[in-house]
1. Between Ile121, Ile167, Ile159, Ile138, which is exposed (fewer than 15 other Cβ atoms within 10 Å of the Cβ) and out of contact with any Gly (no Cβ under 7 Å at 6 or more places or on another chain)?
2. Tell me which residues, restricted to the stretch 123-180, are of a type in the set (Phe, Trp, Tyr) and within 24 Å of Leu199 (Cα to Cα).
3. Given the condition aromatic (Phe, Trp, Tyr), surrounded by 13 or more Cβ atoms within 10 Å (Cβ to Cβ), part of a helix (DSSP H, G or I) and under 19 Å from the mean Cα position of the chain (by Cα), answer yes or no: does some residue in the stretch 11-24 qualify?
4. Specify the residue that is nearest to Trp31 (Cα to Cα); the eligible residues are those in the stretch 48-81 that are in contact (Cβ under 8 Å) with a residue 12 or more places away in the chain and among the hydroxyl-bearing types (Ser, Thr, Tyr).
5. Being part of a helix (DSSP H, G or I) and touching a helix residue (DSSP H, G or I) at 6+ places or on another chain (Cβ under 7 Å) is the requirement here; does Ile7 meet it?
6. Provide a single number: the residues in the stretch 30-52 that are farther than 19 Å from Ile7 by Cβ and either surrounded by fewer than 19 Cβ atoms within 10 Å (Cβ to Cβ) or acidic (Asp, Glu) (or both).
7. Mind listing just one residue for me: the one in the stretch 37-84 that is part of a helix (DSSP H, G or I) and of a type in the set (Ser, Thr, Tyr) and, of those, nearest to Val132 (Cα to Cα)?
8. Would you check if there is a residue in the stretch 136-159 being modelled with pLDDT of 90 or more, assigned to a helix (DSSP H, G or I) and closer than 19 Å to Thr69 by Cα?
Amino acid sequence: MPTFVQILDFIGTFAFAISGIRLASAKRFDWFGAYVVGLATAIGGGTIRDVLLDVTPAWMTNPIYLICTALALLWVIFFGRSLIRLNNTFFIFDTVGLALFTVVGVGKSLALGYPFWVAIIMGSITGAAGGVIRDVFINEIPLIFRKEIYAMACVVGGIAYWICDTIGMHSYGCQVIGGLTVFVTRILAVKYHICLPILKGNEESENEGGGKWGTSS
């Protein structure tokens, strides 16, 4: 029987795969291209995390991730028209995947004995890196580089997970609270247009090709 963490991982895989395939369909990719985008979205962050943690990536030992992505592709093929009409579909699936993958990454890192700051970084990578790969594949500016709160939601959720773990809460409680924190943070940030300050460049530098920070030839 799969563990609770594995179930979260599978659900997150399905949710992220749908978000990637949904965007690929909007770009008119063929079925294979859409599957590749969905798979990269679903396993990209977890693969980077596992390589950094020096463990075998999960999809290399269990084909369920490939199967989940295939099911997500079939879901979009058969229910694509309904998904397209629902403007918030991509956002909901992406946010669910972000929350679930974050807690999986944090939990796995802590279980391997890494300190909390590493766990929070690994949780953020697990949640956000797949979306970066997806956006690169479909030729979009990665979401984490825009104004929206995205990777920061992973950080906030990771901190909430660590606090719950520190006070001795059961792992299930840590996962639920951490995931809900990511989900709610992302929802509220979009609903109320909360974003991080934009790093503005020197106007003179932009207009004159370098300004006081540029080098003269």
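The values are calculated or read from the model by the stated rules, or taken from the named source; none is laboratory data. These numbers were taken from a predicted model, which means no experiment stands behind them. Every residue, glycine as well, gets a Cβ built from its backbone with ideal geometry; the counts of neighbours run over all protein chains shown.
1. Working: Ile121 fails: exposed (fewer than 15 other Cβ atoms within 10 Å of the Cβ); Ile159 fails: exposed (fewer than 15 other Cβ atoms within 10 Å of the Cβ); Ile138 fails: exposed (fewer than 15 other Cβ atoms within 10 Å of the Cβ).
After applying the criteria, what remains is Ile167.
2. Hits for the stretch 123-180 are Phe145, Tyr150.
3. Yes, that holds for at least one residue.
4. Filtering the stretch 48-81 for residues that are in contact (Cβ under 8 Å) with a residue 12 or more places away in the chain and among the hydroxyl-bearing types (Ser, Thr, Tyr), the one nearest to Trp31 (Cα to Cα) comes out as Thr69.
5. Working: part of a helix (DSSP H, G or I): yes; touching a helix residue (DSSP H, G or I) at 6+ places or on another chain (Cβ under 7 Å): no.
Criteria not met by Ile7.
6. 7
7. Filtering the stretch 37-84 for residues part of a helix (DSSP H, G or I) gives 37-52, 58-60, 64-84.
Applying the additional criterion that residues be of a type in the set (Ser, Thr, Tyr) yields 41, 47, 65, 69, 82.
Numbers: Thr41: 8, Thr47: 13, Tyr65: 19, Thr69: 18, Ser82: 26 Å.
The residue in question is Thr41.
8. yes
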